[in-house]
Amino acid sequence: MANFDPTEASSSDIRAVARVGQILALFGPRVLELTAADVAERTGLNRTTAYRYCASMVAAGILERGTRRGTFALGGLMLELGIQALGRQRIVEIAGPHLRKLRTAVRMTAVLSIRGATEPVVALVEEDTSRMVVVTVHAGSKLDMTAAQTHLFLAYADPSALDAATEGMSAVDKARLESEIYSARRQGFSIARHSGGLFAMAAPVFDEQGMCATVAILGAGELDLATALDQLLATATALSDELKAPGEGPHADL
């Protein structure tokens with residue numbers, strides 16, 4: 001069998017792979033189906049090219065025909081790969097009981113986020129419905145630069161990640177983000193306040209390789225943040241201890 005030389009890959013092949021990734025990134029918890037026109041508008045492709053990409057991705061199982069005429073949705077192959085990718089994240093397997101305990105203790109929605117391709121992604125959500133206003137986020141949501149969880153991921157990431165995240169930002173926005181990241185690293189947690197009195201508090205979770213996830217609580221209004229923070233940090237520590245414990249869990253050595 002002839003050896004594959006990666007230098008032989010044409011630039012057009014590389015662009016095609018990048019386009020496929022760009023199209024897949026358009027889907028999310030609130031964007032379940034897209035038309036070729038939607039893809040064209042959001043990627044800068046012309047409609048004919050966008051349709052050809054989508055049709056080829058359907059043939060490969062990457063996409064499938066949507067429920068509405070002329071639409072496309074994520075296909076079975078993406079479901080299989082997503083399940084396999086999550087299966088490699090032991091934190092997702094063990095976090096459920098910890099999140100439920102945290103939610104009950106603080107009466108806020110508890111969230112686990114893991115590192116995605118470009119941004120943190122929400123993996124698990126335990127909603128608190130004990131209050132009149134339910135503050136929540138959908139599993140699968142990508143978190144932007146204003147999120148407390150994002151600040152932590154950048155705080156513990158390689159410096160190149162921050163360079164990529166701040167590319168194109170104004171000097172003022174970049175300085176503000178760098179300040180949030182510095183505070184998150186120094187404190188060991190992050191708090192982000194949003195419009196309408198909403199806020200998120202996040203703490204890092206570590207395994208043997210370093211930071212692997214964040215656990216966060218979402219709330220609104222004036223609450224007992226000191227007590228909530230203590231519970232949050234205790235949950236993050238418990239998860240980290242369980243991940244680092246040798247000989248436990250489904251991946252323990254036999």
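The values are calculated or read from the model by the stated rules, or taken from the named source; none is laboratory data. On a predicted model such as this, the values are computed, not experimentally measured, just so you know. Note that each Cβ is placed from the backbone with ideal geometry, even for glycine, and that neighbours are counted across all protein chains shown. Note: areas computed on protein heavy atoms with side chains; ligands, DNA, RNA excluded. Shrake-Rupley method; radii C 1.70, N 1.55, O 1.52, S 1.80 Å.
Take the solvent-accessible surface of the protein heavy atoms, probe 1.4 Å, and return the percent of it on the chain that carbon and sulfur atoms account for.
Ligands and nucleic acids excluded, carbon and sulfur reach 54 percent.
Per 5 Å bin, what is the whole-percent P(r) computed from every C-alpha pair distance within the chain?
1, 6, 11, 14, 15, 14, 14, 12, 8, 4, 2, 0, 0, 0
Could you state how much accessible area S56 has, in square angstrom rounded to the nearest 10, with a 1.4 Å probe and all protein chains kept in place?
80
Please identify, among A155, A203, A55, the residue showing maximal mean-square fluctuation in a Gaussian network model of the chain using a 10 angstrom Cα cutoff.
A55
Just to be sure I understand: with springs between alpha-carbon atoms less than 10 Å apart, which residue in L24, L63, L81 has the highest mean-square fluctuation in the Gaussian network model of the chain?
L81
May I ask you to list the residues of region 210-244 whose amide nitrogen lies under 19 Å from a point 7 Å from Cα along the Cα→beta-carbon direction of R131?
Residues 215-235 fall inside that zone.
What residue among G44, G116, G210 has the largest mean-square fluctuation in a Gaussian network model of the chain, using Cα springs under 10 Å?
G44
What's the Kirkwood radius of region 109-245 in Å, using all Cα pairs?
15.3
Using a/c under 1.5 as the rounded threshold, could you call region 157-220 rounded, prolate or oblate? The axes a ≥ b ≥ c are square roots of the C-alpha gyration tensor eigenvalues, and prolate needs a/b larger than b/c, oblate otherwise.
oblate
How much accessible area per residue does the chain have, in Å², with a 1.4 Å probe?
Roughly 59 Å² per residue, with all protein chains present.
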